[in-house]
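The values are calculated or read from the model by the stated rules, or taken from the named source; none is laboratory data. Predicted, not measured: the structure shown is a model, and the values here were computed from it. For neighbour counting, all protein chains shown are included, and Cβ atoms are generated from backbone atoms with ideal geometry for every residue, glycine included. We work out accessible area using only protein heavy atoms, side chains counted, and drop any ligands, DNA or RNA first. Shrake-Rupley method; radii C 1.70, N 1.55, O 1.52, S 1.80 Å.
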Amino acid sequence: MKQEGWGVGRLALVLYPFGAGAAVINLFMLGLFGTWLGFPAMQPLTALWVGALLGLPLTWWFARHIRGLMDRADAGG
């Protein structure tokens with residue numbers, strides 16, 4: 001069956017700012033929670049860089065999931 005609509009790459013490109021932003025926020029919050037256990041707080045710039053890198057595979061995985069849902073909806077099931 002021919003895939004209609006956006007592919008995984010295009011979806012990932014459009015969703016990347018949201019995926020990377022979510023990763024940054026979650027990493028920064030994890031760093032803040034780590035202070036309760038005696039770890040040093042994560043610097044915002046560190047969270048930004050690591051979140052931007054982690055955002056790539058996370059967004060790709062999410063785009064594949066969304067594409068699968070779109071394909072399933074197009075197939076009627």
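For the stretch 1-43, list residues with backbone N below 17 Å from a point placed 7 Å from the Cα of MET70 toward its Cβ?
1-19
Helix 8-34 versus the longest principal axis of the chain: what angle, 0 to 90°, nearest 10, using Cα atoms?
Around 20 degrees separate the two axes.
For the chain, find the longest principal axis of its Cα atoms and tell me its angle to the long axis of helix 44-75, 0 to 90°, nearest 10.
Roughly 20 degrees between the two axes.
Might you report the magnitude of the Cβ-based charge dipole of the chain about its Cα centre, with Lys and Arg at +1 and Asp and Glu at -1, to the nearest 20 debye? Walk me through the intermediate numbers first.
Working: 5 positive and 3 negative charges, 21 e Å.
For the chain, the charge dipole is close to 100 debye.
Rounded to the nearest percent, how much of the accessible area of the chain (1.4 Å probe, protein heavy atoms only) is carbon and sulfur?
Numbers: 4250 of 5830 Å².
Carbon with sulfur: 73 percent of the solvent-accessible area.
How much length is gained on full extension from ALA52 to VAL14, taking 0.36 nm per residue of separation minus their Cα-Cα distance? Mind showing how you got there, number by number?
Details: separation 38, 0.36 × 38 = 13.68 nm, distance 1.43 nm.
Stretched fully, the ALA52-VAL14 segment lengthens by 12.2 nm.
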